[in-house]
Structure formats: structure tokens, C-alpha cells
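Participant: Have a look at the structure that comes next, please.
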């Protein structure tokens, strides 16, 4: 995976993620864009360490049947309509699309397990508790604070009223949303490791204007920038 190409704007970011396919009555609905953000919550608790190479986890369940226990928040983009736990069945006039934001863990790794997959069988049975070893306020050694990733998928309006490939008949669309992630960092042209750059050159450079949380995201130019301080760019 390190040697593979990537669709991320930052070429050294080799993170891989998968969600079920979304379908509308007209057929498959392809996402318009996908964004990965890296967050540092509770700055007072101290800096974060680099994400361990090859960390994997699965968030959500394809067998979930409770629409109030889904993952992520669905939003009619460009409107004040409140977020929902399942795919919207309608959107107000003026909506530009539909997007879902998923926040899989709080950035507290158990310091031992890398998770399932990638040729190994280690990790907890639930495939998520190893990166939910604590909270933003409680992540003491030997647990390790790492960047908290979030994932935003943007769909066209055709997604309204849609369903996921994993949704059984009778379930509200989006009830079985689940996210599979493998966090692999490569090196850029200057030989710098991506997993190290995220905390060292973005998250841990804390701006005075953001006392609690810092969020970094890839921009259109392929740079990793702090959303709270657009003047600072990881070059």
C-alpha cells in the first residue's frame, strides 16, 4: 500500500477507506468528493504522536438495524436543515447535494494492537476498541494520543432517498453505514513521512485563536493546512 498510488491530494497520504455503495432508484450514486481531516481535540492534554503505520479499524456495522445507532451525520449541503442519522428522504430547495461526516474515534490508541487485516489477525474482536482506548480527556500512558481522523463524503442530490448496498429491505437508508480504514503513510518527494508530518507540522503547531481544537485538511493544491489558520501551510 505504501508504494501504491493514491487519490488523496497529498501524495504521501496513503490512507485507504471503504464504505458501502449508495444506490438511488436511478442506480449507483458516486460520491463527488471525499475529504479526510485530522483533528487534535483537548489541546490542554498535550501533543499527539504519529499514527502507527498500518493502523486499521472498522467503524459501524453492516448488521445494524437501529436507525438511531448509526454512524455519521447526513446533511443536505448548503441548507440549515438539521443533520440526520440516516440518508435524507428530502432536501429543501437550494440544496447543493448531500454529505455525511463520520468521526470514528477520539484519537486514543491502546499502544499495542494495530487492528485486523493487512495480513495479520491481531486486534480486538470489535475492530474498533483499540483506537477507542480512552477519551479526549483521558488517554494516559501506556495509551497513546494520535491524530483523530474524520471523513466527509459528498454526494449529488441523487443521493436523497437512497439506500446503501448493505441496507436490508425495510431499513431506513444509511442504517448499516460502516467504514473500513487502513492508515498507511508514505513519503513525499523530500523523503518526509506523512504520519510524522501530520502532528509535527500541523496539529502540534497550536494557534492562539484555537484554544481547544485544531483541524488539518488537504487543500486543492495538495497541501496540508490548518483550517483554523489558513496562513500556515505544510510545505
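Participant: Tell me, which residue of region 112-128 that is surrounded by 15 or more Cβ atoms within 10 Å (Cβ to Cβ) and either touching a helix residue (DSSP H, G or I) at 6+ places or on another chain (Cβ under 9 Å) or not in a loop (DSSP other than H, G, I, E, B) (or both) is modelled with the lowest pLDDT?
Facilitator: Checked region 112-128; the qualifying residue modelled with the lowest pLDDT is 123.
Participant: Next up: Pick from region 61-78 the residues that are surrounded by 17 or more Cβ atoms within 10 Å (Cβ to Cβ) and farther than 30 Å from residue 94 by Cβ: which of them is farthest from the chain's Cα centre (by Cα)?
Facilitator: Filtering first and then ranking leaves 64.
Participant: Tell me, which residue of region 129-145 that is at pLDDT 85 or above and surrounded by 14 or more Cβ atoms within 10 Å (Cβ to Cβ) is farthest from the chain's Cα centre (by Cα)?
Facilitator: My answer is 143.
Participant: Which numbered condition in (1) under 20 Å from the mean Cα position of the chain (by Cα); (2) surrounded by 14 or more Cβ atoms within 10 Å (Cβ to Cβ); (3) at pLDDT below 90 is the only one that residue 86 fails?
Facilitator: (3)
So that you can scan it fast, the table gives a plain yes or no per residue for (1) buried (at least 22 other Cβ atoms within 10 Å of the Cβ); (2) modelled with pLDDT under 90; (3) over 30 Å from residue 130 (Cα atoms):
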residue: 149; (1), (2), (3): yes, yes, no
residue: 153; (1), (2), (3): yes, no, no
residue: 181; (1), (2), (3): yes, yes, no
residue: 188; (1), (2), (3): no, yes, no
residue: 192; (1), (2), (3): no, yes, no
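Participant: Next question. Among the numbered conditions (1) modelled with pLDDT of 90 or more; (2) closer than 25 Å to residue 32 by Cα, tell me where residue 169 comes up short.
Facilitator: Here residue 169 meets the rest and fails (2).
The values are calculated or read from the model by the stated rules, or taken from the named source; none is laboratory data. As the structure is a computational prediction, the values presented were derived from the model and not from experiment. Counting neighbours? That spans all protein chains shown, and the Cβs are built from the backbone with ideal geometry, glycine included.
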